[in-house]
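A.B. asks: So that we are looking at the same thing, I have put the structure below in structure tokens.
The values are calculated or read from the model by the stated rules, or taken from the named source; none is laboratory data. The shown structure was predicted, so the numbers you read here are calculated from the model rather than taken from an experiment. Cβ sites come from the backbone with ideal geometry, for glycine too, and all protein chains shown count toward neighbours.
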């Protein structure tokens with residue numbers, strides 16, 4: 001009984017005098033500063049630009065290109081590495097009126113178009129991967 | 001558990017309306033700051049910890065499921081932030097711990113305090129409160145000033161119910177001892193009265 005009474009008195013003492021302590025407020029600019037930090041955080045989260053194709057990939061692509069140029073410069077035509085085996089004449093397979101009958105295209109042009117197409121598809125792959133990663137985060 | 005008003009602003013923030021969060025900051029800044037100030041004992045550091053609390057709350061807002069009041073959730077972040085800051089600078093926050101809790105006569109401490117003007121008494125009590133160890137200090141503050149329930153304090157501190165009760169009791173007794181030990185000699189020095 002005595003102990004309980006003592007606890008009650010202690011409780012009343014603490015309640016009375018702690019409640020008299022004045023509540024202090026933060027600075028006037030507090031909300032403004034917090035919101036500024038949040039806006040800065042949001043900006044940094046929106047998009048961090050970085051290269052689409054990594055440095056490593058570029059080095060690899062440059063290496064392949066260099067090897068190709070070296071191969072050709074040594075006097076070996078691209079035909080020896082198998083391009084001549086590809087039947088580029090698709091007109092015999094598809095029965096369609098040849099709209100480009102009068103246009104003659106060199107092999108070099110065809111090779112260029114081929115590599116250009118490969119590059120576009122490669123970019124689509126990289127872009128898709130990038131967008132997926134960005135949307136997830 | 002969260003008030004509808006709070007939940008409205010939480011939902012708006014989560015939907016991308018960043019400015020809606022400023023309402024929550026405005027609403028709870030005083031509460032967060034006062035706890036931080038009681039734990040850090042320094043205005044600048046309390047302000048820094050409080051700002052950090054709101055930024056953390058904003059980043060983790062999607063993890064708030066409304067199982068407790070939004071204020072309790074904010075208190076929990078503040079409490080953790082303060083403990084982390086204190087841990088980083090242990091030397092600075094070393095307390096003048098009073099191991100002996102000898103005073104039992106509440107009337108003695110009351111007589112001392114009643115000799116003071118209300119404003120002066122509030123300042124004295126604040127000084128005495130700041131002499132308690134930070135855990136006990138914050139529990140006393142939350143329980144008596146902010147009127148948090150025991151259950152809410154348990155959520156904020158992650159302590160067991162028995163532990164909170166023990167700390168609360170010890171804190172009250174220690175506060176009483178500090179009032180008697182520190183305030184009485186000061187009163188005699190200043191006013192020559194007891």
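A.B. asks: Give just the number: which of (1) in contact with a helix residue (DSSP H, G or I) (Cβ under 9 Å, 6 or more places away or on another chain); (2) within 24 Å of residue B:138 (Cα to Cα) does residue A:8 not satisfy?
C.D. replies: Here residue A:8 meets the rest and fails (1).
A.B. asks: Filtering region B:159-182 down to residues that are more than 11 Å from chain A (Cβ to nearest Cβ) and touching a residue at least 60 places away in the same chain (Cβ under 8 Å), which residue is nearest to the chain's Cα centre (by Cα)?
C.D. replies: Among them, the one singled out is B:178.
A.B. asks: Looking at region B:140-149, which of its residues are in contact with a helix residue (DSSP H, G or I) (Cβ under 6 Å, 6 or more places away or on another chain) and away from chain A (no Cβ under 11 Å)?
C.D. replies: B:148
A.B. asks: Take residue A:75 and decide whether it is on the phi > 0 side of the Ramachandran plot and at pLDDT below 80.
C.D. replies: Here the answer is yes, as residue A:75 does meet what is asked.
A.B. asks: Here is a follow-up. If you go through region B:133-147, how many residues are surrounded by fewer than 21 Cβ atoms within 10 Å (Cβ to Cβ) and in contact (Cβ under 8 Å) with a residue 60 or more places away in the chain?
C.D. replies: 3
A.B. asks: Look at region B:39-50 and say how many of its residues are within 9 Å of another protein chain (Cβ to nearest Cβ) and crowded, with 24+ Cβ neighbours inside 10 Å.
C.D. replies: 2
A.B. asks: Which residues, counting only those in region A:12-29, are at the interface with chain B (Cβ under 7 Å from one of its Cβ atoms) and assigned to a helix (DSSP H, G or I)?
C.D. replies: Hits for region A:12-29 are A:13, A:14, A:15, A:17, A:18.
A.B. asks: Same structure again: Based on this model, can you work out whether residue B:186 counts as away from chain A (no Cβ under 13 Å), touching a helix residue (DSSP H, G or I) at 6+ places or on another chain (Cβ under 9 Å) and over 30 Å from residue B:84 (Cα atoms)?
C.D. replies: yes
A.B. asks: Name the one entry in A:43, A:32, A:55, A:85 that is within 14 Å of chain B (Cβ to nearest Cβ) and modelled with pLDDT under 85.
C.D. replies: It is A:43.
A.B. asks: A further question on this structure: Of everything in region B:7-36, what is more than 10 Å from every other protein chain (Cβ to nearest Cβ) and either over 23 Å from the mean Cα position of the chain (by Cα) or not in a helix (DSSP H, G or I) (or both)? Give them in sequence order.
C.D. replies: Hits for region B:7-36 are B:7, B:8, B:9, B:10, B:11, B:12, B:14, B:15, B:17, B:20.
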